[in-house]
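The numbers here are math on the coordinates, done by the rules we state, and not lab data. Being a predicted model, the structure only gives us computed values, none of them experimental. For neighbour counting, all protein chains shown are included, and Cβ atoms are generated from backbone atoms with ideal geometry for every residue, glycine included.
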Amino acid sequence: MVYKTGLNSTKNYSYNFSHPKRAKTLIKFIIIHYTGMKNESDAINRLCDPKAKVSAHYFIKKNGKILNLVPDLYTAWHAGISYWKNFKLLNDYSIGIEISNPGHSNRYKPFSPNQIKSIKKLLKFLIKNYKINPSNVLGHSDISPDRKKDPGEKFPWKALANKKLSKWHRLNPVYIKKYRKIILSKKEKIGFLRNLYKIGYCKIKNANEERNIKYLTLAFQRRYRPELVNGKIDKECFLITKNLLE
């Protein structure tokens, strides 16, 4: 299928989606995933296998080729149990993009230049077509922090934000690095967690306080402080949350 925007994609039909069609106005988010599988063909086959009961609207191959697996106006099964702000079960409100990458369990690799080029083109098209706020372009780990790590700390969120395709902070990296590993006061820790909730992260269901903070912090770091993902709150992370909310 060829879009008038110049975005080229190939139809590769998946049976795994819900009926009936949804209204265009329901689409408010784009969720980015990696496949987490060693073999690209196996990943495509799984997303198209009715027995697997998983899918995504788009698949970006290692060479950058874009496959369209599910039509945009049908609900694909990619997000699972998920929460963001006042939304839950984000499948109904999102378009899912799977990117071929072995993931953290299989020697996680950087995304290829061709993949990054394609994700930029695809996001530009989708954001324009569905009037999606770039702040609503999210990773699977943002909406399911206790279950997922994808697309992970090697995904180029900052580069996308430079093209107004996602959200990023406006702090000087040299400046904020000085605050890395500086321990927060009790009041600041409470403020950090409150800021995460304002950004959109949600408290993990049935988790104690320690587990909730750890997984939310890991997800936040993978997204906004990828140089050090350790699950520990520090002053650098706190300052980033404050800037994101300004």
Check your understanding: How high is the relative contact order of segment 87-166, in percent, with contacts defined as C-alpha pairs under 8 Å that are six or more residues apart?
Key -> 29
Check your understanding: Where does the Debye-calculated log10 I(q)/I(0) of the chain sit at q = 0.09, 0.10, 0.11 Å⁻¹, using only Cα point scatterers of equal weight, no solvent?
Key -> -0.38, -0.47, -0.56
Check your understanding: Taking the chain as a Gaussian network, Cα atoms linked when under 10 Å apart, which of SER82, SER18, SER166 shows the biggest mean-square fluctuation?
Key -> SER18
Point to revise | Förster-model FRET efficiency, 35 Å R0, LYS109 and LYS186, C-beta, rounded to 0.05 | key: 0.30
Review point. Of ILE116, TYR175, ILE190, which is farthest along the charge dipole of segment 91-203 in the positive direction, counting Lys and Arg as +1 and Asp and Glu as -1 at C-beta?
Key: TYR175
Review point. Normalised by the residues of the chain, what does the relative contact order come to in percent, with Cα pairs under 8 Å and at least six apart?
Key: 19
Practice item. Among GLU98, GLU246, rank each residue by its count of other Cβ atoms within 10 Å, from fewest to most, as a rough exposure measure. Key: GLU246, GLU98
Exercise for review: Output the Kirkwood hydrodynamic radius of segment 1-147, Cα pairs only, in Å rounded to one decimal.
Suggested key: 15.3
Review point. Residue separation times 0.36 nm, minus the C-alpha to C-alpha distance between TYR74 and ASN162: what's the value?
Key: 28.7 nm
Check your understanding: Taking the chain as a Gaussian network, where each spring joins two C-alpha atoms under 10 Å apart, which residue of ALA159, ALA52, ALA43 fluctuates the most?
Key -> ALA52
Check your understanding: Using the count of nearby Cβ atoms within 10 Å as a rough guide to exposure, how do CYS237, CYS48 rank from fewest to most?
Key -> CYS48, CYS237
Study note, to complete from the structure: Computed for the chain: size of charge dipole around the Cα centre, +1 on C-beta of each Lys and Arg, -1 on C-beta of each Asp and Glu, debye to nearest 20, value 620
Study note, to complete from the structure: Listing ASP142, ASP92, ASP42 by rising number of other beta-carbon atoms within 10 angstrom, fewest first, gives ASP42, ASP92, ASP142
Review point. Quick one: which of 124-130, 73-79 comes out on top by average Cβ neighbours within 10 Å, and what's the full order, highest first?
Key: 73-79, 124-130
